[in-house]
1. When the Cα centres of segment B:48-115 and segment A:34-93 are compared, how far apart do they sit, in Å?
2. Roughly what percent of Cα-Cα pairs across segment B:55-119 reach past 13 Å?
3. Distance check, please: which entries in B:LYS43/B:LYS64; A:LYS42/B:LYS75; A:LYS74/B:LYS43; A:LYS74/A:LYS107; A:LYS103/B:LYS64 exceed 24 angstrom between their Cα atoms?
4. Using a Förster distance of 41 angstrom, determine the FRET efficiency expected from the C-beta separation of A:ASN93 and B:GLU16, and round it to 0.05.
5. What are the radius of gyration and Dmax of chain A, computed over its Cα atoms and given in Å?
6. Using the C-alpha gyration tensor of the protein assembly as shown, what are the square roots of 5 times its eigenvalues, in whole angstrom, with the largest one first?
7. Note the direction-averaged projected area, equal to a quarter of the hull surface, for the Cα convex hull of segment B:1-60, in nm².
8. Would you look at the GNM of chain A, springs on alpha carbons closer than 10 Å, and say which of A:LEU73, A:LEU47, A:LEU15 moves the most?
Amino acid sequence: DIQMTQSPASLSASLGETVTIECRASEDIYNGLAWYQQKPGKSPQLLIYNANSLHTGVPSRFSGSGSGTQYSLKINSLQSEDVASYFCQQYYNYPYTFGAGTKLELK
Amino acid sequence: QVQLMESGPGLVQPSETLSLTCTVSGFSLTSYNVHWVRQPPGKGLEWMGVMWSGGSTDYNSALKSRLSISRDTSKNQVFLKMNSLQSEDTTTYYCARGEGYGGFWFAYWGQGTLVTVSS
């Protein structure tokens, strides 16, 4: 199975700040990566697919980048509604695997 | 619009079998695949398996011996059955529609159903 190592596990940032969350795959996943946002008690919401494609309706302050085994999610100008947990998912190979998550809080 | 909704028992006895239903609307099961994903309370996500649009299935090898996914296209429903439940199977179970080609991400999710394994 492809292991997804996500960092940091938790993150505290101020409104307006730029934050970056990273995922490292145990092997090359050829941009087969998605990012999700999940708020407490809610289902995950897709933000990014194919490593850098913004899902419809997602604010442009979210962006994804990376290649090979290293990927990142960047949130520009952090808003209060961005407080959530974030997960990466590789879909290059089965079984699909997810990162352990990053809990983003306001400082 | 696209919707998925999980249903099933909230409580299952240890060693018993879990049966969940994912009822979909706004799309055809013969055109899209439906995946099952679970999430223990406060933890990460685990992909369980998929019902392909053609009717075949794939499972996470970690669960394959206990898991079965089927469907009824006339009722727009996908079913998950998992036997020999233990406490570590206490999680929220989601169904999600796969998007893409070759590899699939999930743009549409059900609201999730929490299943507790306890006597």
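Throughout, read-outs are computed from the coordinates displayed, never taken from laboratory work. Quantities reported herein were computed from a predicted structural model and do not represent experimental measurements. Counting neighbours? That spans all protein chains shown, and the Cβs are built from the backbone with ideal geometry, glycine included.
1. 22
2. For segment B:55-119, the share of Cα pairs beyond 13 Å comes to 74 percent.
3. Check vs 24 Å cut-off fails for A:LYS42/B:LYS75; A:LYS103/B:LYS64.
4. Details: r = 33 Å, r/R0 = 0.79.
Efficiency, from the Cβ-Cβ distance: 0.80.
5. That works out to 12.8, 38 Å for Rg and Dmax.
6. On the way: eigenvalues 169, 74, 57 Å².
Computed over the protein assembly as shown, the values are 29, 19, 17 Å.
7. Numbers: hull surface 21.2 nm².
Its average projected convex-hull area is 5.3 nm².
8. Result for chain A, Cα springs under 10 Å: A:LEU15 fluctuates most.
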